[in-house]
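Participant: Right, I'll just put the structure down here and ask away after.
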Amino acid sequence: MSRTATTTSTCISQKMQDLSIKIKSPEFDMSGLKIKTEEPLNAEPANGEEFIKHFITPESLSFRRNHSAFASHCYEHHALSFSVAPSLLDKFSSEPNLERLTLESGAGEGRKLTMGEMKGLRWGESNLQEEDVVAVLQCAGNRRDEMSERRKTEGLGWGNCVVANARWQGVTLRSALLALGIPACHNCIPVLSNVHVLFRCSLPCQDDATYESSVPLSVAMDPSRPILLCTGMNGTPLAVDRGGPVRLVIPGYIGARWVKWLESIEIVEKCSDNFYMAKDYKIVPSFVNGEDKAEKQEWMKKVTVSSLSSTPTITLQGYAVTGSGFEISKVEVGIVSQDHPSDLTNEDGNGHLSPSKKMAVKRWKEAKFMDDGKERWAWKRWFVELELEQEEVGKELSFVCRAEEETGTKQPELSGWNLRGVENRSWSVARRVKVVASSS
């Protein structure tokens, strides 16, 4: 639900400067990032204090996460292919409520939706709907480094700024499916009750021949969660390093499901068995310590409520996010008692909260929001000014943050450890901050 963590300013590495020389196009502004890997490109914000200043995250501070090289599709001639799995064709053809369905088997080329048709909001005889959505894109491994402090995890080490709040523009997936003949009352048609919509980029990746994700048809057709065939970001055409010409945007879902360089969409019988859907990005129990056990666990999809503190001083700032679409109603920041164990992990041997190690918070103070919360899929930034007692000045203190949704859902004190180090939504702790008196 909500979480907090601290960041430190880090100098931009020489590798990033070298990479910036290679990539001269203006959309590749990575001046505020530190490079984690160059091939494929992975980078995160270098300065948390600068990062939190902006409601819409600037390009220079927007993280990059890739499992492959960039695609090189021609923007003008790119088209999305829509099809149905061969195993579903007979079932669909015998269903009278699907007589308008104009989809071919996935074995063929499928029905094409061109960039021009998306721009003109017209596909055949049907209108398409365009939406502009402010939504937070979050890597599932955000704050993995913190979880690794408790026990080693697997995956690229990430700090706590691997999120980006952006304005996305594009045709809604729902309107495209309606144009194909999927009825709005799809949940009343038995043959559609358990089908999924699969999204694919054919670019070879580190761990599979393609990159895929999928969602149940019920999610794809949900009007309250506008899934976009996104062609624009922050008012400009979607850049290639952001997944252009077209990427998927699923508000409230982890970034791994937002397929970049989208090429094809297929209606299938079950969830994708692609590596990044079936084996990676899973929240697995703490006893799972190897890939063989991890493969049997459920895949990860949604972002849960979370908050983060970015400046561990008397004035703290941070952000809170949730994937439910409900508003973050409260963020509280507390001072941890000095007699609390220094590791502040509160964990027993199985990766769960130990009742004997409840975090000893001396006092809480509710933070104030910098954003109005009108954009339901965006983050909410906050700040708080904490008053210290005289005996606390000159000592090392630790601060903690927690958030709450308008539904009353609260952030857990500790997320269970998992092998992949994903979905860390524990209270975040700014550890051992030395408090000094101001000279002014």
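The values are calculated or read from the model by the stated rules, or taken from the named source; none is laboratory data. All of these numbers come straight from a predicted model, not from anything done at the bench. Glycine also receives a Cβ, built like all others from the backbone with ideal geometry; neighbour counts cover every protein chain displayed. Just so you know, the surface numbers come from the protein's heavy atoms only, side chains and all, with ligands and any DNA or RNA stripped out. Shrake-Rupley method; radii C 1.70, N 1.55, O 1.52, S 1.80 Å.
Participant: For segment 168-182: of the residues being under 24 Å from S93 (Cβ atoms) and in contact with a helix residue (DSSP H, G or I) (Cβ under 9 Å, 6 or more places away or on another chain), which is most open to solvent (accessible area, probe 1.4 Å)?
Facilitator: R174
Participant: Quick one: in segment 422-440, which of the residues that are at pLDDT 80 or above and open to solvent by less than 40 Å² (accessible area, probe 1.4 Å) is nearest to G155 (Cα to Cα)?
Facilitator: V422
Participant: I want to confirm something. Restricting to segment 183-198 and keeping residues that are part of a loop (DSSP other than H, G, I, E, B) and open to solvent by less than 30 Å² (accessible area, probe 1.4 Å), which single residue is farthest from F82 (Cα to Cα)?
Facilitator: Out of the qualifying residues, it is I189.
Participant: Moving to a separate point now. Would you mind finding the one in S60, S68, S87, S31 that is surrounded by fewer than 17 Cβ atoms within 10 Å (Cβ to Cβ) and in a loop (DSSP other than H, G, I, E, B)?
Facilitator: S31
Participant: Let me ask something additional. Return the residue satisfying two criteria in turn: it lies in segment 282-297 and is in contact with a Lys or Arg (Cβ under 7 Å, 6 or more places away or on another chain) and either within 20 Å of Y211 (Cβ to Cβ) or modelled with pLDDT of 85 or more (or both), and of such residues it is surrounded by the fewest Cβ atoms within 10 Å (Cβ to Cβ).
Facilitator: E295
Participant: Could you tell me whether A140 is buried (at least 20 other Cβ atoms within 10 Å of the Cβ) and not in a loop (DSSP other than H, G, I, E, B)?
Facilitator: When the stated conditions are applied, A140 does not pass them.
Participant: Of the conditions (1) in contact with a helix residue (DSSP H, G or I) (Cβ under 7 Å, 6 or more places away or on another chain); (2) open to solvent by less than 20 Å² (accessible area, probe 1.4 Å); (3) assigned to a loop (DSSP other than H, G, I, E, B), I267 fails just one. Which one is it?
Facilitator: (3)
Participant: Just one of the numbered conditions (1) of a type outside the set (D, E); (2) open to solvent by 10 Å² or more (accessible area, probe 1.4 Å); (3) at pLDDT below 90 is not true of A79; which one?
Facilitator: In the conditions (1) of a type outside the set (D, E); (2) open to solvent by 10 Å² or more (accessible area, probe 1.4 Å); (3) at pLDDT below 90, A79 misses (3) alone.
Participant: Consider T4 carefully, then state whether it is open to solvent by 10 Å² or more (accessible area, probe 1.4 Å) and modelled with pLDDT under 80.
Facilitator: no
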